[in-house]
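Peer 1: The structure's right below; bear with me while I get my questions together.
The values are calculated or read from the model by the stated rules, or taken from the named source; none is laboratory data. Bear in mind that the values here come from a model prediction, so they are computed numbers and not experimental data. Note that each Cβ is placed from the backbone with ideal geometry, even for glycine, and that neighbours are counted across all protein chains shown.
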Amino acid sequence: MSNTERPATVFLEKGQGVILPTKEYSIPDIDISLQPIRSFKDLFRLKALTRIIRSPIVKNIFAARVFNLRSIESLKNARRSLEDVYYRDYETSIIHIDDMHSVNVDLSYEIRELKKDTYYLEHGEDCFINYISKLYNKFDQHVAKGLEFLDGLHFNCFITDRDGTTNNYCGHYRSSIQPVYNAVFLSRFASLCTEHPIFITSAPLKNFGIIDVSVNPDNVFIYAGSKGREFLDLDLCEHRAFIDPLKQVKLEELTRRVSELEKKPELEKFFYVGSGFQLKFGQLTIARQDVANSVPEEESVALLGNVTNIVHEIDPGGAVFKIIDTGKDIEIILTVDGDNGAKDFDKGDGLKFIDSCIDLHLGEGPHLVCGDTVSDIPMLEAVLEYTDDVYAIFVTRDTDLAKKVAHLCPNTLIVPSPDILLTILGVAALSTKRKKGCKAPGVFL
Ligand SMILES: [Mg+2]
């Protein structure tokens with residue numbers, strides 16, 4: 001093999017190929033050419049390809065390596081392919097489930113986030129912040145207030161939800177790949193300003209879960225799925241909370257029964273829209289609506305009725321399952337013992353489980369908790385059991401929720417969108433001096 005033919009990550013040493021440690025930084029030369037998107041399978045395959053490109057881009061940025069600009073062209077082509085479906089037939093953006101069935105889709109998340117990423121990579125961070133500042137009202141005021149709120153603090157725990165908090169809501173979980181700018185802002189803050197950064201999401205951990213949609217560098221965040229019932233620590237070791245085997249059998253029966261609904265033509269769309277069908281550890285979720293409200297209300301309510309009936313047939317006394325209907329998703333969660341009998345496992349229980357496995361020193365603040373819905377409040381309540389030195393940033397336009405959070409935690413900031421939260425965190429980290437401590441390998445900051 002001549003020197004010009006060898007792969008970029010292989011050196012020749014005495015005639016032998018030596019693989020360099022830079023291999024993991026190489027961005028695969030995937031040519032995402034313009035392609036038709038006609039099915040969910042096409043959509044999810046295309047979005048998975050963007051993750052394969054985005055992930056090493058982030059890795060290179062954090063290792064202070066300049067990356068190959070060709071990869072930006074692939075991201076642009078991914079966007080153009082999606083625009084082709086979305087804008088050409090704007091009134092009826094159709095994705096086909098099979099030859100007989102199709103649903104309307106909202107691809108605005110996918111298109112917008114790809115556009116932001118290419119802008120970020122081509123124009124740099126200052127121009128990018130200027131660009132997104134035009135997308136939101138009072139962006140500058142919110143960011144200035146946020147920087148003052150964080151006040152250069154170094155947090156012990158940074159406990160955050162993902163969807164709706166650090167990530168804009170996406171119509172389809174499987175295609176909600178984390179954008180590059182998002183990962184850079186978040187991981188920079190996590191690495192420089194916090195000791196224990198933790199995502200706690202109600203989505204599964206893997207198959208298909210939070211680790212499949214994230215592009216943060218490895219070993220920066222602890223990822224917890226199923227509300228914290230399962231998590232991956234910084235050594236990539238997986239932990240799972242105890243589940244009563246008898247309850248597990250009931251959950252398996254429920255999974256089988258709900259899965260069968262996909263065979264009914266009028267119900268199969270629920271396996272593709274919004275969160276889709278997600279089998280989690282100790283929990284099952286099926287979407288009944290997506291963020292664009294593309295499912296007619298009567299069909300959405302009919303699914304809720306169907307699922308509720310199945311749950312009552314398997315668990316007539318209501319001791320095994322709790323049903324939580326968010327309006328978008330039906331979550332069926334295995335109960336745990338609470339002070340007043342059986343209760344659903346919440347993100348506060350998840351945080352305590354994580355703390356029981358890897359000591360988070362919850363008594364030592366300050367901590368920062370970020371969320372966007374009432375289901376994130378238990379994380380805040382759990383931390384407040386250990387110390388009052390807690391800060392909360394909630395992403396919401398719901399005044400009742402905002403009041404509730406502020407009542408619980410005096411150090412509360414409310415912001416209207418994930419991008420504003422990301423900008424506050426990303427910019428705050430720029431003015432922070434690095435503390436001594438173990439950081440993820442390859443993280444240059
Ligand atoms: Mg959320």
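Peer 1: Just to be sure I understand, how many residues within region 370-395 are farther than 13 Å from Lys347 by Cβ and within 16 Å of the ligand (Cβ to nearest atom)?
Peer 2: Selection size over region 370-395: 4.
For (1) within 12 Å of Leu284 (Cβ to Cβ); (2) assigned to a helix (DSSP H, G or I); (3) assigned by TED's automatic domain parsing to the domain that holds Gln283, each residue gets a yes or a no:
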| site | (1), (2), (3) |
| --- | --- |
| Val220 | no, no, no |
| Lys227 | no, yes, no |
| His239 | no, no, no |
| Leu251 | yes, yes, yes |
| Ser259 | yes, yes, yes |
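Peer 1: Determine if region 48-69 includes at least one residue that is farther than 23 Å from Val220 by Cα and not in a loop (DSSP other than H, G, I, E, B).
Peer 2: Scanning region 48-69, I find no residue that is farther than 23 Å from Val220 by Cα and not in a loop (DSSP other than H, G, I, E, B), so the answer is no.
Peer 1: Sticking with this one: Give all pairs with beta carbons closer than 6 Å in which a residue from region 203-214 that is of a type in the set (Asp, Glu) meets a residue that is in a loop (DSSP other than H, G, I, E, B); count only pairs at least 6 apart in sequence or on separate chains.
Peer 2: Matching pairs, first to second residue: none at all.
Peer 1: Testing Glu195 on (1) away from the ligand (no atom under 16 Å from the Cβ); (2) crowded, with 23+ Cβ neighbours inside 10 Å; (3) of a type outside the set (A, V, I, L, M, F, W, C), one condition comes back false. Which one is that?
Peer 2: Tallying (1) away from the ligand (no atom under 16 Å from the Cβ); (2) crowded, with 23+ Cβ neighbours inside 10 Å; (3) of a type outside the set (A, V, I, L, M, F, W, C), Glu195 fails exactly one: (2).
Peer 1: Follow-up question, since we're still on this one. Can you say whether Ile210 is within 16 Å of the ligand (Cβ to nearest atom) and of a type in the set (A, V, I, L, M), as far as the supplied structure shows?
Peer 2: Numbers: within 16 Å of the ligand (Cβ to nearest atom): yes; of a type in the set (A, V, I, L, M): yes.
Yes: the conditions hold for Ile210.
Peer 1: Is there any pair with a first residue in region 152-170 that is closer than 20 Å to Ile111 by Cβ and at pLDDT below 95 and a second that is among the polar types (S, T, N, Q) and more than 9 Å from the ligand (Cβ to nearest atom) whose Cβ atoms are under 6 Å apart and which are 6 or more apart or on different chains, and what are they?
Peer 2: Matching pairs, first to second residue: Cys170/Ser176.
Peer 1: Still on this model: When residues of region 45-76 are filtered for being of a type outside the set (D, E, K, R), surrounded by fewer than 17 Cβ atoms within 10 Å (Cβ to Cβ) and farther than 24 Å from Arg188 by Cβ, how many remain?
Peer 2: The qualifying residues number 1.
Peer 1: May I pose another question? If you scan region 339-369, which residues turn out to be under 28 Å from Cys170 (Cβ atoms), part of a helix (DSSP H, G or I) and either away from the ligand (no atom under 13 Å from the Cβ) or small (Gly, Ala, Ser) (or both)?
Peer 2: Across region 339-369, the qualifying residues are Gly348, Asp349, Gly350, Leu351, Phe353, Ile354.
Peer 1: Sticking with this one: Output the residues belonging to region 145-161 that are over 17 Å from Arg188 (Cβ atoms) and within 16 Å of the ligand (Cβ to nearest atom).
Peer 2: Those that are over 17 Å from Arg188 (Cβ atoms) and within 16 Å of the ligand (Cβ to nearest atom): Ile159, Asp161.
Peer 1: Moving on to the next point. Considering Val383, Val320, Val301, Val336, which residue is closer than 27 Å to Tyr169 by Cα and buried (at least 19 other Cβ atoms within 10 Å of the Cβ)?
Peer 2: Val383
Peer 1: Only one residue in Lys145, Lys206, Lys138, Lys115 is surrounded by fewer than 19 Cβ atoms within 10 Å (Cβ to Cβ), touching a strand residue (DSSP E or B) at 6+ places or on another chain (Cβ under 9 Å), more than 30 Å from Phe353 (Cβ to Cβ) and of a type outside the set (Val, Ile, Thr). Which one?
Peer 2: Lys145
Yes/no matrix, rows are residues, columns are (1) within 28 Å of Leu236 (Cβ to Cβ); (2) among the basic types (Lys, Arg):
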position	(1), (2)
Val369	yes, no
Asp376	yes, no
Thr387	no, no
Arg397	no, yes
Asp400	no, no
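Peer 1: Separate question: Test of understanding: among Leu284, Leu279, Leu246, Leu186, which residue is under 29 Å from Pro316 (Cβ atoms), assigned to a helix (DSSP H, G or I) and not aromatic (Phe, Trp, Tyr)? Step through it out loud before you land on a result.
Peer 2: Details: Leu284 fails: assigned to a helix (DSSP H, G or I); Leu279 fails: assigned to a helix (DSSP H, G or I); Leu186 fails: under 29 Å from Pro316 (Cβ atoms).
Matching residue, one of Leu284, Leu279, Leu246, Leu186: Leu246.
Peer 1: If Asp235 satisfies all but one of (1) part of a loop (DSSP other than H, G, I, E, B); (2) within 16 Å of the ligand (Cβ to nearest atom), what's the number of the condition it fails?
Peer 2: (2)
Peer 1: Just the residues that are assigned to a loop (DSSP other than H, G, I, E, B) and within 15 Å of the ligand (Cβ to nearest atom), please, taken from region 162-183.
Peer 2: Arg162, Gly164, Thr165, Thr166, Asn168, Tyr169, Cys170, Gly171, Ser176, Gln178
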